[in-house]
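Structure record follows, encoded as structure tokens.
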Number of protein chains: 2
Amino acid sequence: MTQAAARKASRRTPADKHDERRRALAESALRTLGELGYARSSLREIANNSEFSHGVVHYYFHDKLELIVFCVRYYKETCVHRYDGVVAEATSPDDLAERFGDKLVETIVEEAPMHRLWYDLRSQSMFEESLREAVSQIDKSLDDMVDRIVSRYAELAGAEPALDSAVVYGMFDGIFQQGLLGHLNGREGALEDLRAQAVGMLPMLMAPKSV
Amino acid sequence: MTQAAARKASRRTPADKHDERRRALAESALRTLGELGYARSSLREIANNSEFSHGVVHYYFHDKLELIVFCVRYYKETCVHRYDGVVAEATSPDDLAERFGDKLVETIVEEAPMHRLWYDLRSQSMFEESLREAVSQIDKSLDDMVDRIVSRYAELAGAEPALDSAVVYGMFDGIFQQGLLGHLNGREGALEDLRAQAVGMLPMLMAPKSV
DNA sequence: GAGAAATCTTGACAGTCGTCAAGATCAGCG
DNA sequence: CGCTGATCTTGACGACTGTCAAGATTTCTC
């Protein structure tokens, strides 16, 4: 009624622009955060690696924490659907496992900074109360993501997942983290190990269909 | 020849005292680090929570990083033998699994600050080259620690570990981390879940004896 | 194009940080 | 005792931090 309703729908409203800027700022910030980590990313450094000046952050975000939380939520939106294609296109259990393993390796190679940032923030949330809500929401959505893969695998295999999705997520997250560490350490074969481990693990998680 | 050899063996040498101070400093530092995390633990804060003044740190350590690395190595020495008693005393596979699960829960409750510090430092090592060597050494010794448990379980069950120790470590570490996060988030049942998951996982890792 | 509102830049503030050095305090030994 | 070297305290430094506010600039509206 005040402004948005009266605006033409084809042109963006001020509110839209505001959100656009927040997203652009978040994208810059994520680059810096992925490079330096949470602790060493200052607002000035973040702003320097963007097209904005350092004061503008406080125009769009109340404080640093709000920026970080916004970033991490923004990042989540795009990353939890990473395996949707794999789930949708796989034609057999083995095919799914294969594509899944490939995708795991691919994302470690191409998005290592984002992954280490995630583990950094999750660790920080163990110390900073104010990060916990966002982190645990994302962790839940990653759990769901893994569950979609495992459930689809079970479906294709004519079986049922044998374990609770929380355990399965924990296990995959654990070996993924080891793969990431190995990759960043330059350990030869870290990625191939991860692929083999993931592919080999899927069938272990199945139980014969009961009902 | 210069000083140590001439000293009486019953009294501590200056070099001993030096090491003693380093250890005392490390113990104080670990308390602060476990409370605040790596990023927010300043040398002044560390010194305030100890019996020393902030300048003394530079007398015993070249810089902050050397202190941190010393701390993390010192911590490792005492923690990788946490399950030695369990391994030594268990009389059957089920007994071992039971004791193992109990110990997991116990250490999360009693040593949560140390565990979150470990995950914090491991995450930092993904950004800071200079932490990687110490971290990956500790990670390896944790791998060995888990391997001792699983191997003993296999022995008691008359079976053999079905998977590489690296995978097994990754899996246990993953569910342990979830348990720690759940516990710190105050999630009801997080610890009981972890215990059940760990106990239930051990038999899954076995294969019939081959040779 | 004038005026108003939104947006952005710049510079400053009060803290904190790691590091260091000068001097105080202590221990051991002649 | 006095001397010497180890040990520790104190205070300072330059750099960096998050935050904010005053003013410049742009964008939009009439």
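The values are calculated or read from the model by the stated rules, or taken from the named source; none is laboratory data. Small disclaimer: the values here were computed from a predicted structure and weren't measured. Cβ coordinates were reconstructed from backbone atoms using ideal geometry, including for glycine residues, and neighbour counts include every protein chain displayed. Side chains included, ligands, DNA and RNA excluded: accessible areas come from the protein's heavy atoms. Shrake-Rupley method; radii C 1.70, N 1.55, O 1.52, S 1.80 Å.
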Practice task
Evaluate the stretch A:160-173: report whether one residue or more is at pLDDT 95 or above, surrounded by fewer than 18 Cβ atoms within 10 Å (Cβ to Cβ) and part of a helix (DSSP H, G or I).
Solution key: yes
Exercise for the section: Hey, can you tell me all the residues within the stretch A:125-138 that are assigned to a helix (DSSP H, G or I) and facing chain B (nearest Cβ under 7 Å)? Expected result: A:ARG132, A:SER136
Exercise for the section: Please tell me if A:GLU89 is free of Cβ contacts under 8 Å to residues at least 40 places away in the same chain, more than 25 Å from B:GLN197 (Cβ to Cβ) and surrounded by fewer than 23 Cβ atoms within 10 Å (Cβ to Cβ). Expected result: yes
Problem - Residue ID - nearest to the other protein chains (Cβ to nearest Cβ), chosen from residues in the stretch B:198-207 that are part of a helix (DSSP H, G or I) and surrounded by 17 or more Cβ atoms within 10 Å (Cβ to Cβ) - result: B:MET201
Problem - the stretch A:164-197: number of residues that are more than 7 Å from chain B (Cβ to nearest Cβ), more than 18 Å from B:SER165 (Cα to Cα) and of a type in the set (Gly, Ala, Ser) - result: 2
Practice task
May I ask you to verify whether A:LEU142 is closer than 22 Å to A:GLU77 by Cβ, open to solvent by 10 Å² or more (accessible area, probe 1.4 Å) and more than 9 Å from every other protein chain (Cβ to nearest Cβ)?
Solution key: yes
Practice task
Name every residue in the stretch B:49-63 that is away from DNA strand D (no atom under 12 Å from the Cβ) and surrounded by 12 or more Cβ atoms within 10 Å (Cβ to Cβ), in order of residue number.
Solution key: B:ASN49
Completion exercise
So, first residue on the phi > 0 side of the Ramachandran plot in the stretch B:142-159, second residue open to solvent by 20 Å² or more (accessible area, probe 1.4 Å) and outside any helix (DSSP H, G or I), Cβ within less than 9 Å, six or more apart or across chains; the pairs are B:GLY158/B:PRO208; B:GLY158/B:LYS209
Exercise for the section: Run down B:ARG122, B:ARG99 and say which single residue is in the same structural domain as B:LEU191 (by TED's automatic domain parsing), modelled with pLDDT of 95 or more and open to solvent by 10 Å² or more (accessible area, probe 1.4 Å). Expected result: B:ARG99
Exercise for the section: Scan the stretch B:70-80 residue by residue and report those that are more than 16 Å from DNA strand C (Cβ to nearest atom) and without any contact (Cβ under 8 Å) to a residue 60 or more places away in the chain. Expected result: B:TYR74, B:TYR75, B:GLU77, B:THR78, B:CYS79
Exercise for the section: Note down all Cβ pairs under 9 Å where the first residue falls in the stretch B:195-211 and is under 16 Å from B:LEU156 (Cβ atoms), the second is open to solvent by 40 Å² or more (accessible area, probe 1.4 Å) and part of a strand (DSSP E or B), and they're at least six residues apart or on different chains. Expected result: B:LEU205/B:PRO161; B:MET206/B:GLU160; B:MET206/B:PRO161; B:ALA207/B:GLU160; B:ALA207/B:PRO161; B:PRO208/B:GLU160; B:LYS209/B:GLU160
Handout entry: Restricting the stretch A:174-189 to residues that are touching a residue at least 12 places away in the same chain (Cβ under 8 Å) and of a type outside the set (S, T, N, Q), the residue that is surrounded by the most Cβ atoms within 10 Å (Cβ to Cβ)
Key = A:GLY179
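Per-residue answers, yes or no, for (1) over 24 Å from B:GLY179 (Cβ atoms); (2) more than 13 Å from DNA strand C (Cβ to nearest atom):
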position: B:GLU51; (1), (2): yes, yes
position: B:TYR59; (1), (2): yes, no
position: B:ILE68; (1), (2): yes, no
position: B:ARG99; (1), (2): no, yes
position: B:LEU104; (1), (2): no, yes
position: B:THR107; (1), (2): no, yes
position: B:GLU110; (1), (2): no, yes
position: B:HIS115; (1), (2): no, yes
Problem - Lone unmet requirement of (1) open to solvent by less than 20 Å² (accessible area, probe 1.4 Å); (2) facing chain B (nearest Cβ under 9 Å) for A:ILE149 - result: (2)
Problem - B:ALA88 vs. criteria more than 14 Å from every other protein chain (Cβ to nearest Cβ), at pLDDT 95 or above and part of a helix (DSSP H, G or I) - result: yes
Completion exercise
Note on the stretch B:32-48: residues away from chain A (no Cβ under 14 Å) and buried (at least 16 other Cβ atoms within 10 Å of the Cβ) are B:LEU43, B:ILE46, B:ALA47
Exercise for the section: Answer yes or no as to whether A:GLU66 is away from DNA strand D (no atom under 13 Å from the Cβ), assigned to a helix (DSSP H, G or I) and either open to solvent by 40 Å² or more (accessible area, probe 1.4 Å) or among the aromatic types (Phe, Trp, Tyr) (or both). Expected result: no
